[in-house]
Amino acid sequence: MSRLDQYEYRPGLKFKSKYAATQVCVQGAEPIYTGSPPVQVGRLKEIVAEFATHGAEYTYTNPETGAQERAADIRGYFLDLDQQAYDKDWTDEEREMVAKKLLFVCDTEPGEIWLYSKPAVPKPWPKYDEAHHNQVATLAEQLGLVHEALAYEQENKNRESVVAKLKEIISAPTEDALTAV
């Protein structure tokens, strides 16, 4: 049993890295041999988990020297495993192999890569959960916290009637819009 076998893929895994352009090689493009004497019949597919999207190079003026310099547009630090599997056309087996490797790295190098979870949406007001569901939209409107209440409601309670009332308030025309005509 491999040390990686203790880890398993589950939908929605997201990872964060200490560095913007971290790459984790999961499987190299090693040759595949068969027969005796061995004859190369192919190569394994290279599988690399990448924590960055690499854009085009651009030119900018260095504020310290005034010189024109080139830089790379790199956006990173995060890896959404399911999205990357889709983008790179990985099979379910390949996605599971990547998940096992990244979870292993999370355990063995916790300062480099770790599991990421979106921070919870905070309560829009301290006693939100104690408010009667029929009063949430009214209170949210009075307090000016309709968007915050909607975000919290959708993430935590997701009561259809409350969500519908909050969305209705958001989509209603404001007094400024009505008097501007």
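Miscellaneous remarks
- Some residue of region 111-126 being in a helix (DSSP H, G or I) and surrounded by 17 or more Cβ atoms within 10 Å (Cβ to Cβ): no
- Strands (runs of 3 or more DSSP E) fully within region 14-104 counting 1 or more residues that are closer than 17 Å to residue 116 by Cβ: 14-17, 23-27, 47-50, 52-61, 68-76, 78-80
- In the set 114, 90, only one residue is touching a Cys at 6+ places or on another chain (Cβ under 8 Å) and under 30 Å from residue 45 (Cα atoms); that residue is 114.
- Scope region 5-29; condition in contact (Cβ under 8 Å) with a residue 60 or more places away in the chain, among the small types (Gly, Ala, Ser) and closer than 20 Å to residue 73 by Cβ; matching residues: 17
- For the residues 130, 93, the requirement of being of a type outside the set (A, V, I, L, M), surrounded by fewer than 12 Cβ atoms within 10 Å (Cβ to Cβ), free of Cβ contacts under 8 Å to residues at least 40 places away in the same chain and more than 25 Å from residue 161 (Cβ to Cβ) singles out 93.
- Total residues in region 45-71, condition modelled with pLDDT of 90 or more and within 19 Å of residue 89 (Cα to Cα): 7
- Applying the criterion of at least 1 residues that are touching a Pro at 6+ places or on another chain (Cβ under 9 Å) and either at pLDDT below 90 or surrounded by 10 or more Cβ atoms within 10 Å (Cβ to Cβ) (or both) to the helices (runs of 4 or more DSSP H) found wholly in region 134-181 leaves 136-143, 146-156.
The values are calculated or read from the model by the stated rules, or taken from the named source; none is laboratory data. All figures in this text were calculated on a predicted structure; none of them were measured in a lab. Glycine gets a Cβ as well: all are built from the backbone with ideal geometry, and neighbour counts include every protein chain shown.
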